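Below is one structure; the comments refer to it alone.
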Amino acid sequence: MNATARRHWNGVLMSTLEAAADPDAPLRSVTLPAEWDTDAATALAQLVPGDEALDLPSLASRWIDALAPDDATARSLVWMLLTRQAAPTEAVWHCRFDRPPGFIVNLAAFVSPGEGLAARTFVAALRLICSVLRHAASTLASQRNGELPLPDLFAPEQTEAAPAAPADTLAPTPLAGDILLTNLDACLAGVGLDYDSEDGRAAACAIAALATLTAHAGRGPESLPLPPVRTVLPGLGETLRAVWNEAAVETETPLAPIETGFSSSNPIDGLLGVEACGLAPAFSMLRSDGKLSRSALLRLEARGFTVETALAAALAGETVLPQPGPNAHLAMYRALTGFVDRMPARPEVQNQPIRNKLERGIRRTLPPRHGGFTQKTTIGGHRLFLRTGEYEDGTLGELALTPTRESGMVRGLMESLGEAVSIGLQYGAPLEAFVENFAYTCFGPAGTVEGDPVASYATSMLDYAFRALSDTYLGERLPDGPHQDTQSDPDPLLPLDLPEADDTPPTGRKRRNLRLVC
């Protein structure tokens, strides 16, 4: 640890963990605060590629020395990083200042259980970040080779009747930097609000407006966004009005602009302990280790549940933690538009309800006693048994395909395919993907379907099976595929058709006998 890092990080308890950027990479020693977890160590390994040991204080001291104008500011930046309130973007960590720098702000870190959002602390942190970004814009301007201005090739020639425009309109003030908000869902959970609710969206708009007002302070009243109609959170309205009154002041020397937005997925989010990047909802209530996430625990506490009482209520059939609806992300996106300077890509509309996302490496096994159904069907004269296993919520978790009168190889392949699909479903693979790939596959046996009204004709056993699953578990009945001409080619699963024996062979032709050729 260098001298600067030792001075700013003195007294902080550290620990060394083994982590890698991905599962196939070799492990590296990562030294970071003892309160942080292995996910943060993994994020730091992703942030700094290579195989050497990593030390967070030494890495942070590089950009702190480049950005902080004095020791007091440096200590404040270290404190924000230690409390995981904010951290600079990836380019700043590598001291690349050819473009405007930026900071990612963890909204959930400004929420205290039982106290709500610390709005004044949030504003103070943003003002410090704005001061740092504007100082960097003035001291590191010579490194801004990534945004050289292009000559105005199509500007009209200057004439005496049309004098040149003022210098301030020809050369706008360059951008000082970005402030990107993240972990919105966990922030709303900390104040006891659901993501997919009117109050949740109103609180998110008020928080985003407060960040933009603080960033635009010193630019004049024309640059300020309109405050939201509702603030919902106690004390937030007073803070918004106070920041507005300070920012809505005419000035002849506006400060360098700072733009606000929301972050996208990046290693800095992992370093700050973010559950869901930017304005997206957290689709899983579980962490990577299988335990309940912090936002899930906060929402349980807001509803008056402990983990034990929540489990008992869930077993009794009560919906303890409602998950965001299929269009919750899009609704939040639309609500926040206009309260920040730059919005991320528009989220896609979800056609199916959002299911709990299983983390990689965690298998959701079926209980020993579970529901499901068994369907006996005949496809082109070949009998098939289709069996399913269901979770408590009625979703599919197991599939068995058993053709009863086929060869051992065919029966083994079909049963193995059913087992492979079952494993995929239990690890979180969507049933829609299996239906899309296996419905309408064409191979024998194929033909008329008897015993199940879901289909009258199937182009293969797999075509029937996955169309039946689509009808039962996805609520979508797929139409029959085109009928295949089975007279031209023999069925590969049936013996070759031989002429029937006849005691009186045709006149002029000698009946041939079959011979065994070795």
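Observations, loosely collected:
- Where GLY325 falls short, out of the listed (1) in a loop (DSSP other than H, G, I, E, B); (2) closer than 30 Å to TRP93 by Cβ; (3) within 18 Å of the chain's Cα centre (by Cα): (2)
- Among the residues listed as THR448, THR402, the single one being in contact with a helix residue (DSSP H, G or I) (Cβ under 9 Å, 6 or more places away or on another chain), of a type outside the set (Asp, Glu) and surrounded by fewer than 19 Cβ atoms within 10 Å (Cβ to Cβ): THR402
- Scanning the range 218-232 for residues that are in a loop (DSSP other than H, G, I, E, B) and surrounded by fewer than 23 Cβ atoms within 10 Å (Cβ to Cβ) yields GLY218, ARG219, GLY220, LEU224, PRO225, LEU226, PRO227, VAL229, ARG230, THR231, VAL232.
- Yes/no for SER288 being free of Cβ contacts under 8 Å to residues at least 40 places away in the same chain and small (Gly, Ala, Ser): no
- Check on ARG387, of a type outside the set (Ser, Thr, Tyr), part of a strand (DSSP E or B), within 35 Å of the chain's Cα centre (by Cα) and assigned by TED's automatic domain parsing to the domain that holds GLU419: yes
- The residue list PRO322, PRO326 contains one member that is at pLDDT below 90 and out of contact with any Pro (no Cβ under 7 Å at 6 or more places or on another chain), which is PRO322.
- Residue match in the range 454-474 (condition: modelled with pLDDT under 85 and acidic (Asp, Glu)): no
- Every condition in (1) touching a residue at least 24 places away in the same chain (Cβ under 8 Å); (2) of a type in the set (Asp, Glu); (3) within 28 Å of MET80 (Cβ to Cβ) is met by GLU250 except one, and the failing one is (3).
The values are calculated or read from the model by the stated rules, or taken from the named source; none is laboratory data. On a predicted model such as this, the values are computed, not experimentally measured, just so you know. All Cβ positions, even for glycine, are placed from backbone atoms using ideal geometry, and neighbour counts span all protein chains on display.
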